[in-house]
Amino acid sequence: MMADSVRQKRNAAFLVRVPTNRYLPLMRYFISAFAIILTLTSATAQEDLAERMENALKMLEQAGQAEPRTVAMMLTSAAEGYIQKGDFDTALERVERALQLCREHDLDPMTAFFTASKILNKTDDEVATGFLIRELKAPGATNTYKKGVLKALDMHLAINGDQKLATQGAFELWQITKADNPGTEEEFWALWKYGNHCLTGKLYDLAGPALKDARKLALDLGKPDLAANASRSLGMALMVLGNYEEARKLYEETLTLARATPNNPLLRFEVQNYASLLLQMGEFDEAEKMIDETEALSTNDYEKGIAKDLRTGLTLKRALAAGGKPDLTEVIALQKEVITEKLKNTSAGEEFAYLGATGDFIAMASFQLMAGDLDGAEKSLADAARGADAWEANSRKAQDSAVFSADQVNLSMADIRAGIFDFQQQIDVARGNHEAALVTAENGRGTAQAELLREKLGLETSDRVVKKLDSGAIAQIAAKHQTTFVVYSLASALAPATRQYITQDDPLQHPQSLYIWVVSPDGKYSFRSVPLKGSITGLVQLARQEIMSKPEEKPEGEPMKVLSELLIGSIKEALPSDEGASVTVVPQGQLFLVPFAALTLEGETTLIDKYTLGMSPSIELMELAAEQRKAVEEAGNKEILIVGNPTMPGYQSRPDRDAHELSPLPGAEAEAKYLGQALNTAPLIGDAATEVAIAEKMESARFLHFATHGLLETESAYNQSFLSALAFAAGEGEDGFLTVKETARMNLRAELAVLSACDTGRGRISGDGVIGLTRGYITAGVPTVVVSLWPVNDQATAILMGNYYQAMMKGENKASALRAAILETKKKFPSPQLWAPFVLYGLAQ
């Protein structure tokens, strides 16, 4: 938010999430590696790793052969054994001894530090991150020691997120390595890793030179296999960006370098990647040659399954290219072979084989659905669900060993199962069972957050991330809250595993149908299926651009009008007739970014003119919000916490730039002072608004109002959206950024949180909804959260918020008060850019 009256978002352009389907080759590699890890973990657990290491250490000491490096390694292994047994105190003691030896003898501490981070991660992954960062600054730390810490930090962040910090750490590791061992293979790997982190963050101006320098260094060392790694990374980045011709040149170069290395174990992987690129480009004959070679190089059932998967993609692409309704007989037969090969991979057990084939079962269901074989598609989805259960069971084991947090597992399972529910709802619709399709759609969304809330509220939880609402329960919730639910669901023709073979601009890359259900308080259901003729994501982006652009910069075609007709046109008659009636929108995907208040019904009449609007990631979360409200009433908090224009903290956006303070927000300060006077409370402003002071007051407050910078860390790899934050003053050991992750861990008993900053309603779009600030506050216990969908104007926002609290003091509930405030603001500021950014999540009351 700048002093020129516009609250700027800090839109970290370098943190962009690459579409998941682009990472499927790496995902397959991860599954294979995971199988090996689980097998080893099971074996070592049976033999009691901790006991074996303790006995070996005693033998070494008795023999007088306690060489420091060996002892440090054995202590670390013993710590891993104690982690497996759940004895984290003893594990920490052993790893501390290992680290002490590393300090005393200048040994590489990477493994010991990573084990230490796992132990601390069991309680709080940010404590683990802070521990590693502090060790970098430890007095007397040598470069060997620092490099070990940085490598461990990279491994830790690969699991727990923070791509920005990972990039900064990789940069520092490269600088130290270049100073210690310039022109070596060690420098190559440090430079390559740094370049890849820059690619993940879309820092292309840094990534390109780093990877090119890494490739040159590898060739100077006479290591074509290393050079292939750098070329592959550049090629993958160009493929994601849609620059297929340039990507092809780099993939060909990668393949040439890989072939130059005798007995190269990665040759099959490089051929496979090149085949995938050629498939996307529609170069069918060349792709077939590469697929033939991939099959010839495959040495186990799983690799053979991947090769057959490529052949299935080729056959599908040829069938689609033929035009008309594609004949999928051969595609389905080949997909059966893919699954058969992968189910042979039972070295870690039959269930693990199903785990590895989960995406293939979903792809099979999509093909069978397209061919009209509904029973076959449903059977394939049941097999996919079995694979998902295996995913979850194995992920829970990793969670118990402090590798993943519960929320990470819950979110990953929500994403995996979302694909199953997507195609099950389509089967239900094809059978004409629209009510069952609604139940399927509802039970496939908001599952991870619902599980977290149930646990926090002391309600019954499950050992699996699943929901079991039925149509009766949905109707009861609508009646209880006296609201009309409008549920949207996007239906795709192809599974994610198949979409990797088509280009980003291919129509099949996007959802093909929009399903809309309207559930009224009297229990009546209505359903519409609307065909999508283009990218819904593109349409939403154009509609938002129309709202936020100057008249001369607005896109052609009136996208807001088109979007209104698409989302509202077919359901007008099913909506309530009473003015001011409650309507709760349950969106999916990019529809979370739609300003529903500004959509039009007839002429210039907007939805907010007619209805009191709210939003929710799922129907069940409305019921859980009601349970949260009970907890709020029981707590009986009275305090009102208002924060405006804190002394802004410093922020380093890139590893090659110094930190800078965020701009002050005089408009936010005026807003906070006005509200403080109206509500008879002293706002926290400037130096008084520290992160520590605010966090302490939050747990005793009934109302939270924050007018500050909203930092949007979205669309990145790992768990970056958990690092979206509100900016407060730094100090007392805190950086000033109160993140989603930190907020979600709190135990709040506030009935309302207003995040009066830019983009506070945005985040990463996932199978569980939007992962961002809204989720953090709801998870922490707040039943109603008001957030923004874009950068907001100081003056208009101050007036809107003043109107909002005035309406509540007159007796309006939270949702109707927001409607009243918007309508009043609209009179003075007719542009929807100024009155339509704020939305209410959760309870209206």
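So how many residues does segment 210-233 have that are in contact (Cβ under 8 Å) with a residue 12 or more places away in the chain, in a helix (DSSP H, G or I) and open to solvent by 20 Å² or more (accessible area, probe 1.4 Å)?
Taking segment 210-233 as the starting set, the residues that turn out to be in contact (Cβ under 8 Å) with a residue 12 or more places away in the chain are 210-215, 217-218, 220-221, 223-233.
Imposing the further condition that a residue be in a helix (DSSP H, G or I) reduces the set to 210-215, 217-218, 220, 224-233.
Of the ones still in play, those that are also open to solvent by 20 Å² or more (accessible area, probe 1.4 Å) are 212-213, 215, 217, 220, 224-225, 232.
Residues meeting the conditions: 8.
List pairs: first residue in segment 576-597 and under 13 Å from Leu789 (Cβ atoms), second residue basic (Lys, Arg) anywhere in the structure, Cβ distance under 7 angstrom, at least six positions apart or on different chains.
Cβ pairs passing all conditions: Leu593/Arg544; Leu593/Arg762.
Given Gln476, Gln449, which one is open to solvent by 30 Å² or more (accessible area, probe 1.4 Å), of a type in the set (S, T, N, Q) and on the phi < 0 side of the Ramachandran plot? Break it down into steps so the answer makes sense when it comes.
Details: Gln449 fails: open to solvent by 30 Å² or more (accessible area, probe 1.4 Å).
The conditions single out Gln476.
Residue check: is Glu245 at pLDDT 95 or above and farther than 22 Å from Gly359 by Cα? It would help to see each step written out before you state the result.
On the way: at pLDDT 95 or above: no; farther than 22 Å from Gly359 by Cα: yes.
So Glu245 does not fit the description; no.
Spot the failing condition for Glu742; the list is (1) surrounded by fewer than 18 Cβ atoms within 10 Å (Cβ to Cβ); (2) at pLDDT below 90, and only one is missed.
Every condition holds for Glu742 apart from (1).
Residues that are open to solvent by 10 Å² or more (accessible area, probe 1.4 Å), within 30 Å of Gln590 (Cα to Cα) and in contact with a strand residue (DSSP E or B) (Cβ under 6 Å, 6 or more places away or on another chain): find the strands (runs of 3 or more DSSP E) completely inside segment 627-736 holding 1 or more of those. Don't jump to the end; show me each part of the working.
Working: elements: 639-646, 684-686, 701-707, 710-712, 725-727.
Counting at least 1 such residues, we get 701-707.
Looking only at segment 234-266, which residues are part of a helix (DSSP H, G or I), in contact (Cβ under 8 Å) with a residue 60 or more places away in the chain and either in contact with a strand residue (DSSP E or B) (Cβ under 9 Å, 6 or more places away or on another chain) or open to solvent by 20 Å² or more (accessible area, probe 1.4 Å) (or both)? Even if it seems obvious, please write down each step before you answer.
Here is the first cut: in segment 234-266, the ones part of a helix (DSSP H, G or I) are 234-240, 244-259.
Next, only the ones that are in contact (Cβ under 8 Å) with a residue 60 or more places away in the chain stay: 236, 239-240, 244.
Of everything in segment 234-266, those that are part of a helix (DSSP H, G or I), in contact (Cβ under 8 Å) with a residue 60 or more places away in the chain and either in contact with a strand residue (DSSP E or B) (Cβ under 9 Å, 6 or more places away or on another chain) or open to solvent by 20 Å² or more (accessible area, probe 1.4 Å) (or both) turn out to be Met236, Val240, Tyr244.
Return the residues of segment 149-166 that are within 14 Å of Trp189 (Cα to Cα) and either open to solvent by less than 30 Å² (accessible area, probe 1.4 Å) or touching a strand residue (DSSP E or B) at 6+ places or on another chain (Cβ under 7 Å) (or both); say none if nothing qualifies.
If we filter segment 149-166 for residues that are within 14 Å of Trp189 (Cα to Cα), which is where we start, we get 150-151, 154.
Hits for segment 149-166 are Leu150, Asp154.
Report, by residue number, each residue of segment 311-351 that is basic (Lys, Arg) and open to solvent by less than 70 Å² (accessible area, probe 1.4 Å). Talk me through it step by step, then tell me what you get.
Residues of segment 311-351 that are basic (Lys, Arg), as a first pass: 311, 317-318, 325, 336, 342, 344.
Arg311, Lys317, Lys342 - these are the residues of segment 311-351 that are basic (Lys, Arg) and open to solvent by less than 70 Å² (accessible area, probe 1.4 Å).
Would you say Leu314 is within 28 Å of the chain's Cα centre (by Cα) and more than 27 Å from Arg417 (Cβ to Cβ)? Full working, then the answer.
On the way: within 28 Å of the chain's Cα centre (by Cα): no; more than 27 Å from Arg417 (Cβ to Cβ): yes.
Judged against the criteria, Leu314 is not a match.
Please go through segment 564-615 and give me each residue that is assigned to a loop (DSSP other than H, G, I, E, B), surrounded by 20 or more Cβ atoms within 10 Å (Cβ to Cβ) and among the hydroxyl-bearing types (Ser, Thr, Tyr), ordered by number. Can you show your working first?
Pass one, segment 564-615, residues assigned to a loop (DSSP other than H, G, I, E, B): 568, 575-581, 587-588, 594-595, 599, 603-604, 611.
After this cut, where a residue has to be surrounded by 20 or more Cβ atoms within 10 Å (Cβ to Cβ) as well, the list is 587-588, 594-595, 599, 611.
Residue satisfying the conditions is Tyr611 alone.
Among (1) crowded, with 24+ Cβ neighbours inside 10 Å; (2) in a helix (DSSP H, G or I), which single condition is Tyr841 missing?
(2)
Enumerate the pairs (first residue in segment 143-156 and part of a helix (DSSP H, G or I); second residue anywhere and among the hydroxyl-bearing types (Ser, Thr, Tyr)) with beta-carbon separation below 7 Å, excluding pairs fewer than 6 apart on the same chain, so at least 6 apart or on different chains.
Matching pairs, first to second residue: Lys147/Thr177; Ala152/Ser117; His156/Ser117; His156/Thr129.
Inspect segment 358-365 for any residue being of a type outside the set (S, T, N, Q) and over 29 Å from Trp517 (Cα atoms) and give the result as yes or no. Please lay out each step first, then the result.
Our first condition is that a residue be of a type outside the set (S, T, N, Q); within segment 358-365, this holds for 359-365.
Retained after the next criterion (residues that are over 29 Å from Trp517 (Cα atoms)): 360.
Within segment 358-365 (the criterion being of a type outside the set (S, T, N, Q) and over 29 Å from Trp517 (Cα atoms)), the answer is yes, since at least one residue qualifies.
Scan segment 113-127 for residues that are more than 14 Å from Lys741 (Cα to Cα) and open to solvent by less than 50 Å² (accessible area, probe 1.4 Å) and jot them down.
Of segment 113-127, the ones more than 14 Å from Lys741 (Cα to Cα) are 113-120, 122.
Hits for segment 113-127 are Phe113, Phe114, Thr115, Ala116, Ser117, Lys118, Ile119, Leu120.
So how many residues does segment 77-112 have that are farther than 16 Å from Met155 by Cα and either open to solvent by less than 10 Å² (accessible area, probe 1.4 Å) or outside any helix (DSSP H, G or I) (or both)?
13
Show the residue pairs that are 6+ apart or on different chains and have beta-carbon atoms under 6 Å apart, the first residue being within segment 61-77 and under 19 Å from Thr90 (Cα atoms), the second being open to solvent by 50 Å² or more (accessible area, probe 1.4 Å).
Close Cβ pairs satisfying both conditions: Leu75/Arg97; Thr76/Thr111.
Looking at this structure, is Glu293 open to solvent by less than 50 Å² (accessible area, probe 1.4 Å) and farther than 30 Å from Ser462 by Cβ?
Numbers: open to solvent by less than 50 Å² (accessible area, probe 1.4 Å): yes; farther than 30 Å from Ser462 by Cβ: yes.
Considered against the rule, which asks whether it is open to solvent by less than 50 Å² (accessible area, probe 1.4 Å) and farther than 30 Å from Ser462 by Cβ, Glu293 comes out as yes.
The values are calculated or read from the model by the stated rules, or taken from the named source; none is laboratory data. Keep in mind it's a predicted model, so treat the numbers as computed, not measured. Neighbour counts run over all protein chains shown; Cβ positions are idealised from the backbone, glycine included. Note: accessible area is taken over every heavy atom of the protein model, side chains too, but ligands, DNA and RNA are not part of it. Shrake-Rupley method; radii C 1.70, N 1.55, O 1.52, S 1.80 Å.
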